[in-house]
Amino acid sequence: MSAVKVAIVEDDIAISQMYRLKFETEGFEVQTAENGKLGLELVEQFKPDIILLDLMMPEMTGDQMLAELRKKPWGKDIKVIILTNMGEEEAPKTVHGLGVESFIVKAEMTPRQVADKVKLALGT
C-alpha cells in the first residue's frame, strides 16, 4: 500500500515545515504550498488524501482555495482540515458549507494532536 498523501497549504514556512517533519516521521508523503493559488496547483498534481489548509494567506485565501477546489471533479471529495489561528466563529461562514473534516486552531494543538486528527479523519 502506498503512503498516505498529505498536502499542507500554509504561508508560514516554519509552521509548514514543522508539520511536514511530523507527518513524514509518521510515514506520510507530504507536499507543501505557501498560498491557495499554489495549493490548488499542488493538489491537482499531487492528488493528496487530505489537505491541511490555513485560511489567512496571500494570493488566495484558504476559503477561496477550498471553494475553487470543490468546483473541480477531482477536488470535491478530498478531505480537508482547516488549520488556522482564527477562531471557528471568526472564520468565513462559507468554509463550513464546503465540507471540512474538522477545524483546528494551531495554537491549541501540538503537531502530535494534529497528526492524530488526520489519522482519525482518514480512518487509519
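Restricting the search to region 94-123, which residues are modelled with pLDDT under 80 and either touching a helix residue (DSSP H, G or I) at 6+ places or on another chain (Cβ under 9 Å) or not in a helix (DSSP H, G or I) (or both)? Within region 94-123, Thr94 is the sole residue that qualifies.
For Lys79, state whether it is under 25 Å from Lys119 (Cα atoms), in contact with a helix residue (DSSP H, G or I) (Cβ under 6 Å, 6 or more places away or on another chain) and basic (Lys, Arg).
Numbers: under 25 Å from Lys119 (Cα atoms): yes; in contact with a helix residue (DSSP H, G or I) (Cβ under 6 Å, 6 or more places away or on another chain): yes; basic (Lys, Arg): yes.
Here the answer is yes, as Lys79 does meet what is asked.
Candidates in region 1-19 are the residues that are within 13 Å of the chain's Cα centre (by Cα) and under 15 Å from Lys117 (Cα atoms); of these, the one that is surrounded by the fewest Cβ atoms within 10 Å (Cβ to Cβ) is Lys5.
In region 49-63 there is no residue that is among the hydroxyl-bearing types (Ser, Thr, Tyr) and either in a strand (DSSP E or B) or without any contact (Cβ under 8 Å) to a residue 12 or more places away in the chain (or both). For region 81-104, filtering for residues that are in contact (Cβ under 8 Å) with a residue 12 or more places away in the chain and either in contact with a Lys or Arg (Cβ under 9 Å, 6 or more places away or on another chain) or farther than 15 Å from Ile51 by Cα (or both) leaves 16. Restricting attention to region 65-93 and to residues that are in contact with a Phe, Trp or Tyr (Cβ under 8 Å, 6 or more places away or on another chain) and part of a loop (DSSP other than H, G, I, E, B), the residue that is modelled with the highest pLDDT turns out to be Ala91. Residue by residue through region 65-123, note down the ones that are buried (at least 16 other Cβ atoms within 10 Å of the Cβ) and either among the polar types (S, T, N, Q) or at positive phi (or both). Listed by number, the list holds a single entry, Thr84.
The values are calculated or read from the model by the stated rules, or taken from the named source; none is laboratory data. Since the structure is predicted, the reported quantities are computational estimates derived from the model, not experimental observations. Note: ideal-geometry Cβ built from the backbone for every residue, glycine included; neighbour counts use all protein chains shown.
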